[in-house]
Amino acid sequence: MNAGEEKSQKTVTNTFSWPVFDESDVNVVTEVARSGAWGNPDCSGLVEKFEKEFAAYCGSRFAITCANGSVALRLALMAAGVRPGDEVIVPPYTFIATASVVIECNCVPVFVDIDPDTYNIDPVRIEEAITPRTKAIIPVHFAGLACDMDRIMALASKHNLTVIEDAAHAHGGSYRGRKLGTIGHAGSFSFQSSKNLNSGEGGLVVTNDEQLYDRINSLRNVGRVKGGMWYEHHFLGCNYRITQFQAALLSTQLKRLDVQTATRDANGRYLTELLRDVPGVSPLVRHEEVSRHTYHLFMFRYDSSFFNGMPKRDFVGRLIEEGVPSSGGYPYPLYKQTVFQEKNFMCYAIPEEVDYTKVFCPVAERACSDEAIWIMQHAMLGTPQDMESFARAIRKIQEHC
Ligand SMILES: *Cc1c(COP(=O)(O)O)cnc(C)c1O
């Protein structure tokens, strides 16, 4: 094959499918359909069964399902007892819900930059951002890589803050052998269709705190309380329940999660190894406390100076042409969104003096514009040969740029 032919051939030939399911998933959903018990107004039955299974899997006392991962974060924050005007520390390199739920609780999101090695919230910057009004921190285990929870929990206890882990990328991941989501006061998960455990939509909060559990349990079910009457509403909640279809699917999907997570973790380590001597490509740093990375995304930092100055978006275009399921991720940090820049919060109140046009997090800015490349989780479920093909694709782009 001459150089021209090699260049025109796609390097990655496997196509990766998601979600993964078989007849067992189809059967449980069919059974729910046949039963006629589609909804679950008291969150018992299959919903409670899945909650117990997920809590046991995480090693947590309680788990509460709800409509989606955004609502899960919101309920955890509401239940933590935040008051209007309280400040909540969040990273700027994340999905919007991490910050928007703070505003929905009439609190102020305070954006704290990420660590350039991990792209997770930087504990040094957290400490600098703490004020007497700080009430909570929402660390995001971005891509499924655990945050520096030792330092975050130490800061939280020193300053009496609530920690809500956003584990939307991190089902089955762990830190010093403890499941992500169970280290802070509460942890939230998403079961949206792109996530590592999915039922189309859905969310869940884990906690070991019985008071938080009771409150979240009530808030997701229109403020009803255990032992109370149907027309008895104690708190300003809403209907955030999931259906029996979702719960049935989650129970069967959960059976696959541990093996899938182990596969992604092994593939992630292997791909990191394969890319070690590719100049201009640096996988994010995995510290030894990270006992299991879920690789919801395999992320690496791209340095265009080793690719003849090729801009990140062109590099991503080439990766996709080569068949690598990949993306350049967020084009700009969260605080740059119009909703924050113009404070388009509708009925929610934020103090006059808060001005997101003044926020600047240089590490997140650089990650978005120049550096961060994502390979998607379903591709990380492939074989070691697939990982080799990703590394080959990257080398090929480097040779032909
Ligand atoms: C997906 C996601 C959420 C919210 O989940 P939804 O189920 O889509 O509402 C929250 N945080 C992060 C980091 C996410 O990626």
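Nothing in this text is a laboratory measurement; each read-out follows from the coordinates by a stated rule. Since the structure is predicted, the reported quantities are computational estimates derived from the model, not experimental observations. Ideal geometry is used to build each Cβ from the backbone, glycine not excepted, and the neighbour counts take in all protein chains shown.
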Exercise. Per the Debye formula with a single identical scatterer at each Cα and no solvent contribution, what log10 I(q)/I(0) holds for region 23-253 at q = 0.16 Å⁻¹?
Worked result: -1.06
Exercise. What residue among Pro139, Pro362, Pro123 shows peak mean-square fluctuation when the chain is described by a Gaussian network model with Cα springs under 10 Å?
Worked result: Pro362
For this session: For the chain, with a Gaussian network of springs between Cα atoms less than 10 Å apart, report the residue from Gly227, Gly237, Gly203 with the top mean-square fluctuation.
Result: Gly227
Exercise. Relative contact order (percent) for region 23-253, with alpha-carbon contacts under 8 angstrom and 6 or more residues of separation?
Worked result: 26
Exercise. So what's the chain giving for Rg/Rh, alpha carbon basis, Kirkwood Rh from the mean inverse pair distance?
Worked result: 0.99
Problem set entry | DSSP-loop chymotrypsin sites (Phe, Trp or Tyr not before Pro) across region 21-129, with at most 15 other Cβ within 10 angstrom | Phe21, Trp38
Exercise. So between Asp42 and Glu232, what do we pick up on full extension, going 0.36 nm a residue minus the alpha carbon distance?
Worked result: 67.1 nm
Problem set entry | For region 23-253, share of DSSP beta bridges that run antiparallel, in % to the nearest 5 | 50
For this session: Quote the relative contact order of the chain in percent (integer), defining contacts as alpha-carbon pairs under 8 Å separated by 6+ residues.
Result: 21
Exercise. Can you give the longest stretch of the chain with no exposed loop site, where a site means trypsin sites (Lys or Arg not before Pro) in a DSSP loop (not H, G, I, E or B) with at most 16 other C-beta atoms within 10 Å?
Worked result: 62-132
For this session: Taking only Cα atoms and a 10 Å spring cutoff, compute GNM fluctuations for the chain and point out the largest among Thr15, Thr252, Thr207.
Result: Thr15
For this session: Just the number, please: percent antiparallel of the DSSP beta bridges in the chain, rounded to the nearest 5.
Result: 65
Exercise. Of Leu249, Cys66, Pro41, which is farthest on the positive side of the dipole of region 23-253, counting Cα position, with +1 on Lys and Arg Cβ, -1 on Asp and Glu Cβ, and the Cα centre as origin?
Worked result: Pro41
Seminar exercise, completed: Once Thr131 and Thr383 are pulled to full extension, the length gained, defined as 0.36 nm per residue separation minus their Cα-Cα distance, is 85.9 nm
Problem set entry | Largest-first principal axis extents of the Cα set of region 204-299 (Å) | 65, 26, 21
For this session: Could you grab the relative contact order for region 257-400? Cα pairs under 8 Å, six or more apart, rounded to a whole percent.
Result: 35
Seminar exercise, completed: Filtered hits (lysines, Cα-Cα < 25 Å from Lys135, offset >= 8 within chain) -> Lys158, Lys179, Lys336, Lys343, Lys358
Seminar exercise, completed: Computed for the chain: size of charge dipole around the Cα centre, +1 on C-beta of each Lys and Arg, -1 on C-beta of each Asp and Glu, debye to nearest 20, value 480
